[in-house]
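Each value in this text was obtained by applying a stated rule to the coordinates, not by laboratory testing. Remember, it's a predicted structure, so these values are computed and weren't measured experimentally. Ideal geometry is used to build each Cβ from the backbone, glycine not excepted, and the neighbour counts take in all protein chains shown.
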Amino acid sequence: MEKNVSTAVEQEVTEQTAPAAEQTNDKLVKLAKPYKFDDEEYSEINLSGLDKLTIEDAVLTVKKLTGDGELAAMVMPETSTAYTDELAAKATDLPIEFFKLLPIGASKKVRQMVQGAITVPAQKDESDTRPHILHLHKPYLYKGETHTEVDLSGVGSLTGMNIRQAENRMEEEDIRAIERTSNYYYCCLMASMATGKDVKFFLGLPLCEAMPLENAVNDRIFRVKGGYKEIRKAAVGLASVTHTGADFYLNLPVREMVEINEEVAEEWRKSGTRTFYPDWRTS
């Protein structure tokens, strides 16, 4: 990803260090039996380096694994052992073979630790009633400016054409995903277009922000299964009924497009007429 992802992301994270006596490593994997690798014996694996990984690391890892033929990483990478092993190797600076050869019990512990670092619940501020605000777990310094939250309400104003742009950008960067909406790079592209912030801003966010970002971008009122293909299908259908060009609907905000489609589809269902409109009533 020469344009955006392969280059180092400028990032500094403000960290508060507790007194030495109070410091604990919650990412230390204790092994049931000593593990010997390259003539060295290990009784534990320190995965604290996961805290230094970014969304960019996750994107590059999926791209690498897809190129290597690890198809599981294209579907749900978080559940793929190959994916968690690669991130563990990045976090520890140990060779990937170290993790490939781990006993099954130790491998499971590593996988669960990495998964825990990714699937961190979104930070919540109960006093903040604004919708679609991504509250960051820690202050994030990017290009000299500190951020504690990101307003993603602009996702609701994106159009089918924006989705098409994101999908085409993924193709240009040779990033494959069975379901694009769950791909972190796709989510960074959509968030970038919604906020006007550089895509590198989102790629540089800590790994723990990956899942909250994905969930925020794919809020149910914004989400469309099938992406641009399904949006265009609905636009063509609506255009044939209203005698309006399909581009009119493709340039509507996705949220409005979904609402119009659902209203028309519901009327067709009530009339008993077979409809070609996709059912976007997702949970």
Per DSSP, the loop-located GluC sites (Glu not before Pro) within the range 134-192 having at most 15 other beta carbons within 10 Å are E179
Charge dipole (the range 24-118, unit charges on Cβ, about Cα centre) - positive-most of I55, F98, V75: V75
Estimated FRET transfer efficiency when R0 is 22 angstrom, pair V120-T79 (beta carbons, to 0.05): 0.85
Estimated distance in nm for a label pair at R164 and D151, the labels positioned 7 Å out from Cα along Cα-to-Cβ: 2.9
Taking the simple approach of a point 7 Å from Cα along Cα-to-Cβ for both E262 and L101, what is their distance in nm? 5.4
Can you work out D for the range 24-118 in µm² s⁻¹ from Stokes-Einstein, where Rh is the Kirkwood radius over C-alpha pairs, the temperature is 4 °C and the viscosity is 1.567 mPa s? 96
Which of the trypsin sites (Lys or Arg not before Pro) across the range 80-152 are loop residues per DSSP, with 10 or fewer other Cβ within 10 Å? K124
Could you list the square roots of 5 times each eigenvalue of the Cα gyration tensor of the range 62-193, that is, the equivalent ellipsoid semi-axes, sorted largest first and rounded to whole Å? 30, 21, 13
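How about the range 31-100: which GluC sites (Glu not before Pro) there are in a DSSP loop, with at most 15 other Cβ atoms within 10 Å of their Cβ?
Numbers: sites: E40, E41, E44, E56, E70, E78, E86, E97; in loops: E70.
Those that pass, being in a loop and sparsely packed, number zero.
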Under a Cβ-only charge scheme (Lys and Arg +1, Asp and Glu -1), can you give me the dipole magnitude of the range 134-217 about the Cα centre, in debye to the nearest 20? 100
Too long for a 26 Å Cα-Cα cut-off, among K138/K197; K90/K200; K108/K200; K100/K143, are K108/K200; K100/K143
